[in-house]
Amino acid sequence: MMRFSSTFALAASLTLISLGAHAAAPSNWPAGARDAFVKDCSSAASQNVDIKTAKQHCECGADKINAELSTAEIKELMTNQNASQALKNKAVAAISSCKVVKKK
């Protein structure tokens, strides 16, 4: 019985460690770029939805981009208007689950 309890405790602690590591994942955004993205995105999105919804949408998008794109890919998108269509498609796919409802 003691062996089972020790094994269970070890498994639980490893699960918590991996969950903690996931929650504290490092940012792939270059310094200041995430804030600039959210600001620009919110400004554009607020043309169609209220500012709170726009900011929530853009924060979601920033998080999805961070999860799916590397720092180099984010830099490429943020600094190069001629970034490849494949990279643009990857970013759009990453944020596709961040839904916005238009104002009526």
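The values are calculated or read from the model by the stated rules, or taken from the named source; none is laboratory data. Values in this document were obtained by computation on a predicted structure and should not be read as measured data. All Cβ positions, even for glycine, are placed from backbone atoms using ideal geometry, and neighbour counts span all protein chains on display.
Quick look at the numbers
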item: Test: residue 72 is under 17 Å from residue 99 (Cβ atoms), part of a helix (DSSP H, G or I) and either at pLDDT below 90 or out of contact with any Lys or Arg (no Cβ under 9 Å at 6 or more places or on another chain) (or both); result: no
item: Output for region 29-57, where each listed residue is part of a helix (DSSP H, G or I), in contact (Cβ under 8 Å) with a residue 40 or more places away in the chain and either buried (at least 17 other Cβ atoms within 10 Å of the Cβ) or acidic (Asp, Glu) (or both); result: 33, 37, 45, 53, 54, 57
